[in-house]
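Scroll down for the structure; my scribbles are underneath it.
Nothing in this text is a laboratory measurement; each read-out follows from the coordinates by a stated rule. Small disclaimer: the values here were computed from a predicted structure and weren't measured. Note: ideal-geometry Cβ built from the backbone for every residue, glycine included; neighbour counts use all protein chains shown.
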Amino acid sequence: MDDPCCPPLDHVSVEFQGRDRFIAAVDTAVAAGDQHAVTAALRNTLCALIRDEAVHLPACVHAPIVDHYARRELYRSPRHGYSVVAMTWGPGQGTPLHDHSGLWCVEGVWHGELEITQYALIEEAGDRFRFRAAGGMIAGPGSAGSLIPPHEYHTIRNPSPDAVAVSLHIYQAEMACCTKFQPQAGEWFVRESATLATDQAA
Ligand SMILES: [Fe+2]
């Protein structure tokens, strides 16, 4: 039986204006070398692409979904394996504390603002993990940051009471599952495996 967490690699490609230009730029960045070089190159590339007037993400990425933040996969590279996911955050929508399954990721804000809080893992005991908030930031349009395991624990939230935010995430590979951490007392959280759903694009 297929593992629902690790589906076979399919080619995913959604049409949008400037798509070929976008893919060429990302392909160049992912060939930069080790994961530090690749994520640094991708941060610069993503910042430039957000400002590039020839690139327009598909209209669907501006449509929030009422009961959860939207994840729409726009492209998966058949050659490099990376996955490009657009996320749409309604007012106040956000994630629980989570990891990225050991994958590097570069995230850029395309529209609106997002609050990103990183957490440091202090200790663990079985399924219980102790985290401490290790810095937060408000990221505005045109900014990009990266997560390189093991420094991958974070939350993302749209702090606006009325505006939608859109972000673009380039993962090392398709991220079909991750670990979420549900808050308990104090700095302690309980680990919970999560399968990540993808919403229909276009
Ligand atoms: Fe994340």
Dividing the alpha-carbon radius of gyration of the chain by 2.2 N^0.38 Å (N being the number of residues), what value is obtained? 1.00
What percent does the relative contact order of the chain come to when contacts are Cα pairs within less than 8 Å and at least six residues apart? 26
Separation of the E15 and N44 label points, Cα + 7 Å toward Cβ, nm: 3.4
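Divide by every residue of the chain the summed helix terms, -39500 (n - 2.57) for each DSSP H run of at least 4, and state the resulting mean residue ellipticity at 222 nm, rounded to the nearest 500 deg cm²/dmol.
-4500 deg cm²/dmol
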If N is the residue count of region 129-202, its Cα Rg over 2.2 N^0.38 Å rounds to 1.29
How big is the dipole moment of region 1-112 about its Cα centre under a simple scheme where the beta carbon of each Lys and Arg is +1, that of each Asp and Glu is -1, and everything else is neutral? Debye, nearest 20, please. 280
Let me check I have the definition right: for region 54-114, take the eigenvalues of the Cα gyration tensor, multiply each by 5, take square roots. What are those semi-axes in whole Å, largest first? 20, 17, 11
Which residues in region 80-106 place their backbone N less than 20 Å from a point set 7 Å from the Cα of D34 along the Cα-to-Cβ direction? 102-106
